[in-house]
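The values are calculated or read from the model by the stated rules, or taken from the named source; none is laboratory data. Not measured: the values here are computed from a predicted model. In this analysis, Cβ positions are derived from the backbone assuming ideal geometry, glycine residues included, and neighbour counts consider all displayed protein chains. Surface accessibility is based on the protein's heavy atoms, side chains included, excluding ligands, DNA and RNA. Shrake-Rupley method; radii C 1.70, N 1.55, O 1.52, S 1.80 Å.
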Amino acid sequence: MSINGKAYIVGAFEHPTRKADDKSVAQLHAEVAFGALQDAGLSKDDIDGYFCTGAAPGLGPINMADYLGLTKLRHLDSTDVGGSSYILHVGHAAEAIALGKCNIALITLAGRPRAEAMATGTAPRSWGVNVPDDPFEIPYGRTVVNAYAMCAMRHMYEYGTTSEQLAWIKVAASHHAQWNEHAMLRKVVTVEEVVNSPMIADPLHRLDCCVISDGGGALIVARPEIAKSLKRPLVKVRGAAEATKNQNAGYTDLTYSGARWSGPRAFEEAGVKPSDIQYASIYDSFTITVLIQLEDLGFCEKGQGGKFVADGNLISGVGKLPFNTDGGGLCNNHPANRGGMTKVIEAVRQLRGEAHPKVQVPNCTLALAHGTGGLLGTRHGSATVILERE
Amino acid sequence: MPTMASDRALPAIQVDPTNKPYFDAAREGRLLIGLCKDTGKYFWYPRGCSPFTLSNNVELVEAKGTGTIYTYSVMRTKEPYAVAYVELDEGVRIFTNIVDCDLDSLRIGQRVKVVFKPTQGDSPPATMFTPI
């Protein structure tokens, strides 16, 4: 059984805030849910499936379902694979719809790490209590940024990847962000500016890192008959896949990500190949995240990511693979420190023809969204979804 | 200008029943690694099951305490420090810090040996490495 064609994304909404001093996290969830319902032309009581993560306040989906007044729910899922969760949720929602477990699924994300002055990337953080790897990593100052930086260091060592090549990823994102009125960083930057920005964790500079922002987003996934009864362009889920990459019992290899497994499975289900993709949303927590995922998804050979991203190849209208045309996490936003939601939303915009005209891919009919959640350098979740404009 | 590693304050380590023997040995200056007795393979990090077979037929055995830097990153904070994966001569790659050296001189492939650094209060020491 496949989910190909069994569900459509009928609603998408990205919160315009980047710093939510005067709003609660729960309120942000409500605002994005309302926005996505309005976008779809649906109302609250149409929702019978609800998806969120541990970033939502409360116990799994329970407290948010209560706060939002969702009383018709018959399918719940709070699978948490960090920032990639919301990409994974699209696949899970399609599965639930295909099996008749629900008809209209709502996925929400919201958070305010910026208003709360959270040291997102540079302070050691545990994911919970009784985490068995913590005693062997937290005391050593494992942070988000150094766990990705160590992957970049090894990639440079094995493949000759350079800081300048990584910088091209940020440069491309900045070219897109200049057109996004909500983006936190709208200034177009050069390779020189990226490599001359302060070193945070060798070899990653400040401009190799994503922004820290408040906000959120929501998606609504529905069965085909419902999608076709609505007035929005049809965005079909063609393929979805997920994986975890472990530390492999101490035999870890930091040159690849879980995209090595989730990517090919999603392509197989969709019946397409990387060269068919016209637009790609690629999780950009750091520049190195993009490079490694592009290789693992099959957009280029392993080790060739540096050459692939250089010279503007990711810039819409310039290169072969337009990516993150909203400016991505590197320039636009990274709500709740989780970038998967906005990755799907921008892919939906592209497929609907609703991206900013300066970055819209002409006749965009096939798009991919991919994310890595957790830490690239220790253990992470990986989710890929392939979407088609019908 | 070299960037000398400093002895930064380390948080207490959360000891649980399955990793306690590891940390007891660390207090004695010995580095232990996991051994799966079903397969004869070493594993990291220490745990109460084999990550190869899931059985509890595991024990901790003493490692030589030497290895090479697989990868690293220097955190350019007020008090800079180097995180790293060190590949032990036994083959497992362990998350650690490289200490007692010029952090700007580190390189992948460099030979290192284990050192134990005190943490807060009665907590066991942290397992770190320094260039040979």
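Axis of helix A:163-177 versus longest Cα principal axis of chain A: the two differ by about 30°, to the nearest ten degrees. Pairs of Cα atoms in chain A fall into 10 Å distance bins, from 0 up to the last occupied one, in shares of 6, 26, 36, 25, 7, 0 percent. Per-residue mean of foreign Cβ neighbours for A:242-254 is 5 (Cβ atoms of other chains, 10 Å radius). Helix A:340-352 and the longest principal axis of the Cα set of chain A meet at an angle near 70°. Dividing the summed -39500 (n - 2.57) terms of all DSSP H runs of n ≥ 4 by the residue count of the protein assembly as shown sets its mean residue ellipticity at 222 nm at -7500 deg cm²/dmol. Comparing B:Pro11, B:Pro21, B:Pro118, which has the greatest mean-square fluctuation in the GNM of chain B with Cα pairs linked when under 10 Å apart? Greatest mean-square fluctuation among the candidates belongs to B:Pro11.
Solvent-accessible surface (1.4 Å probe) assigned to A:Met184 amounts to roughly 60 Å². With a simple spin-label model that places each label point 7 Å from the Cα along the Cα-to-Cβ direction, the separation between A:Val129 and A:Thr190 comes to 5.4 nm. Applying 1/(1 + (r/R0)^6) with R0 = 22 Å to the Cβ-Cβ distance of A:Phe34 and A:Ile62 gives a FRET efficiency near 0.65.
For chain A, a Gaussian network of Cα nodes joined below 10 Å ranks A:Ser85, A:Ser229, A:Ser174 by mean-square fluctuation, and the top entry is A:Ser229.
Between the DSSP loop rule and a limit of at most 11 other Cβ atoms within 10 Å, which trypsin sites (Lys or Arg not before Pro) in segment A:138-202 are left? Could you put the intermediate results ahead of the total?
On the way: sites: A:Arg142, A:Arg154, A:Lys170, A:Arg186, A:Lys187; in loops: A:Arg142, A:Arg186, A:Lys187.
Here the sparse-neighbourhood loop sites are A:Lys187.
The distance between label points at A:Thr71 and A:Glu181 comes to 3.8 nm (points 7 Å beyond Cα on the Cα→Cβ vector).
Note on B:13-19: average number of Cβ atoms from other chains within 10 Å of each residue's Cβ is 3.
Counting other C-beta atoms within 10 Å, and keeping those with at most 16, which DSSP coil chymotrypsin sites (Phe, Trp or Tyr not before Pro) do you find in segment A:238-277?
The qualifying sites are A:Tyr251.
Below 8 Å between Cα atoms, with a sequence gap of 6+, how large is the relative contact order for chain A in percent? Don't jump to the answer; show the numbers that get you there.
Numbers: 985 pairs, mean separation 101.0, N = 390.
That works out to 26 percent.
Loop-resident GluC sites (Glu not before Pro) (DSSP state other than H, G, I, E or B) in segment A:248-321 with no more than 16 further Cβ atoms inside 10 Å of their Cβ: A:Glu301. The residues of chain B present an accessible area of 46 Å² per residue when probed at 1.4 Å with all protein chains retained. Mean per-residue shielding of peptide B:41-47 is 5, counting Cβ atoms of other chains within 10 Å of each Cβ. Helix A:287-297 and the longest principal axis of the Cα set of chain A meet at an angle near 70°.
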